[in-house]
Amino acid sequence: MKREEAPGREEFPLFRPITTRWMDQDPYGHVNNVEYYSYFDTAVNQHLIEEAGLNPRSTDVVGMVVDTQCSFFHELTFPETVEVGIRVTKLGRSSIAYEIGIFRQGEEKPAALGHFVHVYVERATMTPIPIPAHVRAAVEPLVMG
């Protein structure tokens, strides 16, 4: 994806701030690529915990990550606060596809753009199930119009 093709800040209905950590840096002095995936997980799960009331330790229903991808446009460093934009690109029967933009604070174009898919399963059997109503209600406002 070319940088000019990346969605801008205005295309994300929700943002979650995350502060980079000392340990996120690699020997080259920038945030290592693997840390971006942690930011995806943190932002999406924080939203689900706060808005859908999910408790990762005790809920009978689990959103399992089955697909991720990330395109990088420019580096991030420590210390800085990044703003993680979240939008839903597909809300299916048992899965949710997210697009996640990692933005430097106040910047219009993302430093990275990610794709992240949850499939909802019953914890005990790991069998796919329909997305629970409270989860669906928490993510519907994030669906791209």
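What follows draws every value from the coordinates through simple rules; no lab data is involved. The model shown is predicted, which means the values in this text are computed figures rather than measured ones. Cβ placement follows ideal geometry from the backbone for every residue including glycine, while neighbour counts extend to all protein chains displayed.
Condition check ((1) among the acidic types (D, E); (2) under 23 Å from A124 (Cα atoms)) across all residues:
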{"position": "G53", "(1), (2)": "no, yes"}
{"position": "F72", "(1), (2)": "no, no"}
{"position": "E75", "(1), (2)": "yes, no"}
{"position": "E80", "(1), (2)": "yes, no"}
{"position": "T89", "(1), (2)": "no, no"}
{"position": "S95", "(1), (2)": "no, yes"}
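Restricted to segment 35-83, and to residues there that are of a type in the set (F, W, Y) and not in a strand (DSSP E or B), the residue that is farthest from Y98 (Cα to Cα) is F78. Please work out if E99 is under 20 Å from E5 (Cα atoms), in a loop (DSSP other than H, G, I, E, B) and not small (G, A, S). When the stated conditions are applied, E99 does not pass them.
As for segment 37-57, it holds no residue that is farther than 23 Å from V143 by Cα, aromatic (F, W, Y) and surrounded by fewer than 19 Cβ atoms within 10 Å (Cβ to Cβ).
For segment 113-132, state whether one or more residues are within 15 Å of P17 (Cβ to Cβ) and either charged (D, E, K, R) or in a helix (DSSP H, G or I) (or both). No, segment 113-132 has no match at all. Cβ-Cβ distances below 9 Å connect the following pairs, each with a first residue in segment 4-19 that is hydroxyl-bearing (S, T, Y), a second residue that is crowded, with 16+ Cβ neighbours inside 10 Å, and a separation of six or more residues or different chains: T19/V82. Of everything in segment 11-34 that is among the β-branched types (V, I, T) and outside any helix (DSSP H, G or I), the residue that is surrounded by the fewest Cβ atoms within 10 Å (Cβ to Cβ) is T19.
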